[in-house]
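Asker: Here you go, one structure.
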């Protein structure tokens, strides 16, 4: 990746629906060059896809939490597979330090969140959990 690729990705990060013509104009490049670069970035896996980012209005009413997990040695694969089966689980990250996994969940009510937290804690191989309920979002740069 060069500076032009990074500029292209920055433009798409701000608005993934921007047209090729607009990208070409903003980057001062030929439309065909922009299209070729996009195809190369997609084929190489740098760009994995284009997605929809829900705004706060769509997320209103959902209670979010970060769940920090300590798991048994060699149980990560099975634990992650069980987490993937829970529709409320949005993201799972491995971590360094005291916890092994960071799990982001969202539910429609406190009762539903409580049930999800119970389900996560009951997964075989999970030694301990610590939950952090999200109160408000001050900054969100995620795509």
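Asker: Of these, 102, 139, which one is outside the structural domain of residue 73 (by TED's automatic domain parsing) and under 19 Å from the mean Cα position of the chain (by Cα)?
Answerer: 139
Asker: In the range 60-79, what residues are within 15 Å of the chain's Cα centre (by Cα) and more than 17 Å from residue 113 (Cα to Cα)?
Answerer: Across the range 60-79, there are no qualifying residues.
Asker: Within the range 6-22, is there a residue that is at negative phi, touching a strand residue (DSSP E or B) at 6+ places or on another chain (Cβ under 6 Å) and outside any helix (DSSP H, G or I)?
Answerer: Looking through the range 6-22, none of the residues is at negative phi, touching a strand residue (DSSP E or B) at 6+ places or on another chain (Cβ under 6 Å) and outside any helix (DSSP H, G or I).
Asker: Could I ask something else about it? Can you tell me which residue is farthest from residue 97 (Cα to Cα) among those in the range 31-71 that are touching a strand residue (DSSP E or B) at 6+ places or on another chain (Cβ under 7 Å) and at pLDDT below 95?
Answerer: 62
Asker: Can you name the strands (runs of 3 or more DSSP E) wholly within the range 60-143 that have at least 1 residues being touching a residue at least 60 places away in the same chain (Cβ under 8 Å) and farther than 30 Å from residue 9 by Cα?
Answerer: Strands (runs of 3 or more DSSP E) meeting the threshold: 63-71, 126-133.
Asker: Within the range 17-55, can you find the residues that are out of contact with any helix residue (DSSP H, G or I) (no Cβ under 8 Å at 6 or more places or on another chain), surrounded by 12 or more Cβ atoms within 10 Å (Cβ to Cβ) and farther than 14 Å from residue 5 by Cβ?
Answerer: 22, 25
Asker: Is the range 68-87 home to any residue that is loosely packed, with under 11 Cβ neighbours inside 10 Å, within 21 Å of residue 52 (Cα to Cα) and not assigned by TED's automatic domain parsing to the domain that holds residue 15?
Answerer: Within the range 68-87, one or more residues are loosely packed, with under 11 Cβ neighbours inside 10 Å, within 21 Å of residue 52 (Cα to Cα) and not assigned by TED's automatic domain parsing to the domain that holds residue 15.
The values are calculated or read from the model by the stated rules, or taken from the named source; none is laboratory data. Model, not experiment: these values are computed from the prediction. A quick note on method: Cβ atoms are made from the backbone with ideal geometry, for glycine too, and the neighbour counts reach across all protein chains shown.
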